[in-house]
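Engineer: Dumping the structure here so I can ask a few things about it.
Read-outs: derived from the displayed coordinates by stated rules, not from any lab. From a predicted model like this one, the values you see are computed outputs, not experimental measurements. Quick reminder, even Gly has a Cβ in these numbers, built from the backbone with ideal geometry, and neighbours come from all protein chains shown.
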Amino acid sequence: MLARAFGEKMISVQSEPTKIKADSQTTIKCVVWDLDNTIWDGVLLEGDRLSVRQSVVDAIQTLDRRGILQSIASKNDAEAAINKLLEIGLYEYFLYPQINWNRKSYSIQEISRLLNIGIDSIAFIDDSSFELEEVKYSLPQVLCINALDIDKIVDLPAMNPRFITEDSKQRRSMYLSDIKRQQKEAEFVGTPDEFLATLQMKLTISPAGESDLQRAEELTVRTHQLNTTGYTYSYEELNYFSRSPQHKLLIASLEDKYGTYGKIGLTLLKCQENTWTIELLLMSCRVMSRGVGTVTINHIMRLAKDNQVKLLAKFLPNDRNRQMYITYKFAGFKEIDRHEKLTILENDLTRIQPLPDYLQLLT
């Protein structure tokens, strides 16, 4: 056993493989791979003859089909490593690869930032017990897996979504489109709204049909940051709401000139005779900067006003969703009641904003 220092504490480095543990409620959104003796057998910079196990290729392709994103955290020469990944046909699977000499925990944090996902939705695979312990120490929320256990990862509940939707299958390509948008935005000279106008965005908000329900369940399970309550709903519950005359279940999809963002939003309304209540409003973090949350709220406000009902909303805070509370407040919602952590807000429907010029709304 070796001991290494991080900060003022000491951590132990075990040589044996780690036992994989994942909370049953955990949803892994991104798997971050090491390279040497993990993706391939051998050490690139030592001139080893490198070989890739078929089980590793199978795992990468399986995770990709399930809609689980993947990236790299490797201490290596970036150019040589990328060339090798291109040679073996795997480079396309990895978003925002971090190939440098930084601590692995730093690289994982950067991947989390660039993908805009929570640290606790990341798994990290490495052959080095030292690197695994460094990440465990610095980022205890990350699921760390020894490379010796690669064959087991595709069977983990955290990496087995209940449904594999069309959005799941296209998730990597949608993120690649996001990268193109970000590059164009960085090069653009003008205001944010002027850039958004160049995207030719179309937001569709419509009642969720049977074909939408698998993705609707996936959205409630995967979306934590832009989620007003954090409630999750099963396919069966969502199917009930979609058929219930006392509820409206609305699903939102977005597209622009670069392609589709997929189905990115969900709203559940409880519709009583004189009062509608927003039980749940969520948006994918990929559209945070597109203004679609505000557009969706104002669309609901118009519907409520047209139906001459009072509009309430529930908000349940967590450590990530404050942005949704701010969105409600900017839309004119005011707090009227609180039950422990659950806040009830009301909108008097006098401040409905017009649709922004940069976006077309289809209903």
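Engineer: For the chain, build the charge dipole from Cβ charges (+1 Lys, Arg; -1 Asp, Glu) around the Cα centre, then report which of Ser121, Gln360, Trp101 sits farthest towards its positive end.
Structural biologist: Working it through, the farthest residue towards the positive pole turns out to be Gln360.
Engineer: Once label points are set 7 Å from the Cα along Cα→Cβ at both Gln182 and Asn307, what is their separation, rounded to one decimal in nm?
Structural biologist: 3.8 nm
Engineer: When the dipole is taken about the Cα centre of the chain, and only Lys, Arg (+1) and Asp, Glu (-1) are charged at their Cβ, what size is it in debye, to the nearest 20?
Structural biologist: It comes to approximately 1080 debye.
Engineer: For the chain, set up a GNM with springs between Cα atoms under 10 Å and report which of Arg49, Arg181, Arg302 has the largest fluctuation.
Structural biologist: Answer for the Gaussian network model of the chain: Arg49.
Engineer: Compute the acute angle (0 to 90°) between the alpha-carbon long axis of helix 78-87 and the principal axis of greatest extent of the alpha-carbon atoms of the chain; round to the nearest 10°.
Structural biologist: 80 degrees
Engineer: Viscosity 1.002 mPa s, temperature 20 °C: give me the Stokes-Einstein translational D for the range 85-131 in µm²/s, with Rh taken as the Kirkwood radius over C-alpha pairs.
Structural biologist: In µm²/s, the coefficient is 178.
Engineer: What percentages, rounded to whole numbers, describe P(r) for the range 166-362 computed over all alpha carbon pairs with 5 Å bin width beginning at zero?
Structural biologist: 1, 7, 16, 20, 20, 17, 10, 6, 2, 0, 0
Engineer: Putting +1 on Lys and Arg Cβ atoms and -1 on Asp and Glu Cβ atoms, find which of Leu238, Leu269, Ser168 reaches farthest to the positive end of the dipole of the range 166-362.
Structural biologist: Checking the options against the dipole of the range 166-362, the answer is Ser168.
Engineer: With Cα extents along the principal axes in Å as the read-out, I listed (i) 79, 49, 41; (ii) 55, 44, 36; (iii) 72, 45, 41; which label goes with the value calculated from this structure?
Structural biologist: (iii)
Engineer: Holding the Cα-Cα limit at 32 Å, pick out from Lys248/Lys334; Lys152/Lys341; Lys136/Lys314; Lys263/Lys341; Lys202/Lys334 the pairs that are longer than that.
Structural biologist: The answer is Lys152/Lys341; Lys136/Lys314.
Engineer: If only Cα atoms are counted, what is the Rg of the range 313-363, and what is its Dmax, in Å?
Structural biologist: 13.3, 40
Engineer: Here's a follow-up. How big is the dipole moment of the range 166-362 about its Cα centre under a simple scheme where the beta carbon of each Lys and Arg is +1, that of each Asp and Glu is -1, and everything else is neutral? Debye, nearest 20, please.
Structural biologist: 220 debye
Engineer: Fewest to most neighbouring Cβ within 10 Å: what's the order for Glu273, Glu346, Glu217?
Structural biologist: In order of increasing Cβ crowding within 10 Å: Glu273, Glu346, Glu217.
Engineer: Mind giving me the nanometre distance, one decimal, between the label points for Glu236 and Asn274, set 7 Å out from Cα along Cα→Cβ?
Structural biologist: It is 3.6 nm.
Engineer: Figure the gain on full extension for Thr191 and Tyr91 (residue separation times 0.36 nm, minus the Cα-Cα span) and round it to one decimal in nm.
Structural biologist: 32.6 nm
Engineer: How much net charge surrounds Gly42 when only other residues with a Cβ under 13 Å from its Cβ are counted (Lys, Arg +1; Asp, Glu -1)?
Structural biologist: Summing Lys and Arg as +1 and Asp and Glu as -1 gives -3.
Engineer: On alpha-carbon atoms, Rg over Rh for the range 76-159 using Kirkwood Rh?
Structural biologist: 0.95
Engineer: Of Ala216, Ala197, Ala304, which has the largest mean-square fluctuation in a 10 Å C-alpha GNM of the chain?
Structural biologist: Looking only at Ala216, Ala197, Ala304, the largest GNM fluctuation is found for Ala197.
Engineer: Work out the FRET efficiency for Asn116 and Arg49 from their Cβ-Cβ distance, taking R0 = 30 Å, and round it to the nearest 0.05.
Structural biologist: 0.20
Engineer: When a footprinting reagent is the concern and you count Cβ atoms within 10 Å, what order do His224, His339, His247 take, fewest first?
Structural biologist: Least to most surrounded, the residues fall as His339, His247, His224.
Engineer: Within 10 Å of each residue's Cβ, count the other Cβ atoms and sort Phe163, Phe241 from fewest upward.
Structural biologist: Neighbour counts put them in this order, fewest first: Phe163, Phe241.
Engineer: Give the Kirkwood hydrodynamic radius (Å, one decimal) of the range 163-279, defined as one over the mean of 1/r across all pairs of different Cα atoms.
Structural biologist: Kirkwood hydrodynamic radius for the range 163-279: 15.8 Å.
Engineer: Still on this model: Give the average over all directions of the projected area of the C-alpha convex hull of the range 57-203, one decimal, in nm².
Structural biologist: 10.7 nm²
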